[in-house]
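Enquirer: The following block contains the structure, expressed as structure tokens.
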Amino acid sequence: MEGLSVEEKLKIANSFLLDSPPGEVNDVYSDISVLLNNNAVFREGLLDALRQYNTEQYVTVTLPEQESMVILSKYGQIENDRFFDPKSHQAFTVDHISQEVTEVEPHTPEETTEPLRSAVETAISEYVADHYPKGVSATYSTGETITIAIVDNKYSPSNLWNGRWRSTWVISPESGEIKGTIKVNVHYYEEGNVQLNSTKDIEITSSPVNSEDLAASAAAYSKSICKAENEFQNALNESYVELSENTFKGLRRALPLTRHKIDWDKISNYKIGQELANKS
């Protein structure tokens, strides 16, 4: 990186950091810090990218004396390092490098939207518990909408792969419209470096909120989200079966032009026979 300005070096380093695969951001951060000689200016610049990464990737932390995980997202971000958990109604400060939580204090929810937000949270929490092995969800009141964030991580470094599922759903209670985005990222790095990145935007039409039965409306939202996510997962599975059984096979011949399989144990004999034929 000789000859590059500080700004250029930071831009390159931040792009590496923001593209970190699931579960590997700390390793990438450590390697970049070494390359940049742990310079204080670079550390501060990398911290901004790390904040962005943690909120975009729905990184989870644990609050003191609380077993459940809490999602870091822009919907629960009060300021740079200050967030709130809508489920426990607590605000806290997070160290984006160590992911340690401090300065926990009560956070007052929005009174007018809290009944609906709470009902949706209950329904979504049940759905996530039923369908995700280690899923974490958060339900936020975002002005005139309810926003749901869901994340599940599967880290298997011993088998050289890691993966993350993220989905975001924005519900407009008055119209019943639900807009969602699902993102899946898998990194496989055994004798190579392969990443799967899949994104799907979805729109669903549901019924407007029933103010007399918020639980029923919340259950309907959850059912619609469940259906959409199941369809996406099934389509993803089918596409990779097609990729394995047909697309990859179309990239190469099953047999060479001679229409005979090569016996690789006798490959040297093939070469000798060809040379003799050429000489004759």
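Enquirer: Where a Cα-Cα gap under 12 Å defines reach, which aspartates and glutamates qualify for K183, not counting those fewer than 8 residues away within the same chain?
Expert: E56, D152, D201, E229
Enquirer: Here is a further query. P(r) for the stretch 140-179: what percent of alpha-carbon pairs falls in each 10 Å bin, starting at zero?
Expert: Result returned by the calculation: 27, 33, 20, 16, 5.
Enquirer: Send over the semi-axes of the stretch 115-212's equivalent ellipsoid, whole angstrom and largest first, taken as the square roots of 5 times the C-alpha gyration tensor eigenvalues.
Expert: Whole-Å semi-axes of the equivalent ellipsoid: 32, 15, 9.
Enquirer: For the chain, what is the accessible area per residue in Å², given a 1.4 Å probe and the full set of protein chains?
Expert: It amounts to 62 Å² per residue over the chain.
Enquirer: Another question, then. Please state the shape class of the stretch 60-174: rounded when a/c is under 1.5, otherwise prolate if a/b exceeds b/c and oblate if not, all from the C-alpha gyration tensor.
Expert: Judged from the Cα gyration tensor, the stretch 60-174 comes out oblate (a/c at least 1.5, b/c at or above a/b).
Enquirer: With no solvent and one point on each alpha carbon, what is the Debye value of log10 I(q)/I(0) for the stretch 10-52 at q = 0.15, 0.25, 0.28, 0.35 Å⁻¹?
Expert: Log10 I(q)/I(0), no solvent term: -0.28, -0.80, -1.01, -1.45.
Enquirer: In nm, what is the difference between 0.36 nm times the number of residues separating N230 and D95 and their Cα-Cα distance?
Expert: Difference between extended and current length: 45.1 nm.
Enquirer: Given N residues in the stretch 64-125, what is its alpha carbon radius of gyration divided by 2.2 N^0.38 Å?
Expert: Cα-based Rg divided by the globular estimate yields 1.15.
Enquirer: Using only Cα atoms, find the angle between the long axis of helix 114-131 and the longest principal axis of the chain, and express it within 0 to 90 degrees, rounded to the nearest 10.
Expert: Helix 114-131 sits roughly 30 degrees off the main axis of the chain.
Enquirer: Mind checking which aspartates and glutamates have their Cα closer than 13 Å to the Cα of K87? Skip sequence neighbours fewer than 8 apart in that chain.
Expert: Filter leaves E67, E110, E114, E121.
Enquirer: Shifting gears a bit: Whenever you get a sec, compute what percent of the accessible area on the chain sits on carbon and sulfur atoms (1.4 Å probe).
Expert: 50
Enquirer: What is the distance in Å between the Cα centres of the stretch 11-61 and the stretch 129-191?
Expert: The two parts, judged by their Cα centres, are 21 Å apart.
Enquirer: Another question, then. Grab the beta carbon distance between E56 and K261, set R0 = 41 Å, and tell me the FRET efficiency rounded to 0.05.
Expert: In this case the efficiency is close to 0.25.
Enquirer: Please report the Cα spread of the chain along all three principal axes, rounded to whole Å, starting with the longest.
Expert: Rounded to whole Å, the extents work out to 95, 51, 33 Å.
Enquirer: Taking the Cβ of Y132 as the center, what net charge do the other residues with Cβ under 15 Å away carry, scoring Lys and Arg +1 and Asp and Glu -1?
Expert: So the environment of Y132 carries a net charge of +1.
Enquirer: Please find, in a Gaussian network model of the chain (springs between Cα atoms separated by less than 10 Å), the residue of Y221, Y189, Y29 whose mean-square fluctuation is greatest.
Expert: Y189
Enquirer: Turning to a different aspect of this structure: Given R₀ = 35 Å, FRET efficiency for A215-R82 by Cβ-Cβ distance, to 0.05?
Expert: Efficiency computed from Cβ-Cβ geometry: 0.65.
Enquirer: With +1 on the Cβ of every Lys and Arg and -1 on the Cβ of every Asp and Glu, and nothing else charged, how large is the dipole of the chain about its Cα centre, in debye rounded to the nearest 20?
Expert: Taking the Cα centre of the chain as origin, the dipole is about 1860 debye.
Enquirer: On C-alpha positions alone, give me the angle between the axis of helix 25-35 and the longest principal axis of the chain, in degrees, nearest 10.
Expert: Helix 25-35 sits roughly 70 degrees off the main axis of the chain.
Enquirer: Based on the Cβ-Cβ distance of S30 and E203, what FRET efficiency does E = 1/(1 + (r/R0)^6) give at R0 = 41 Å, to the nearest 0.05?
Expert: Computed FRET efficiency for S30 and E203: 0.50.
Enquirer: Something else: Please compute the net charge surrounding I182, taking Lys and Arg as +1 and Asp and Glu as -1 over other residues with Cβ under 15 Å from its Cβ.
Expert: Charge balance near I182 sits at 0.
Enquirer: At 1.4 Å probe size, what's the solvent-accessible area of K179? Round to the nearest 10 Å².
Expert: About 100 Å², ignoring ligands and nucleic acids.
Enquirer: With the chain treated as a Gaussian network of Cα nodes joined by springs under 10 Å, which of I182, I150, I202 yields the largest mean-square fluctuation?
Expert: I202
The values are calculated or read from the model by the stated rules, or taken from the named source; none is laboratory data. Keep in mind the model is a prediction, meaning the values are calculated, not measured. Because the Cβ atoms are built from the backbone with ideal geometry, glycine has one as well, and the counts that use them run over all protein chains shown. All accessible areas refer to the heavy atoms of the entire protein, side chains included, with ligands and DNA or RNA removed. Shrake-Rupley method; radii C 1.70, N 1.55, O 1.52, S 1.80 Å.
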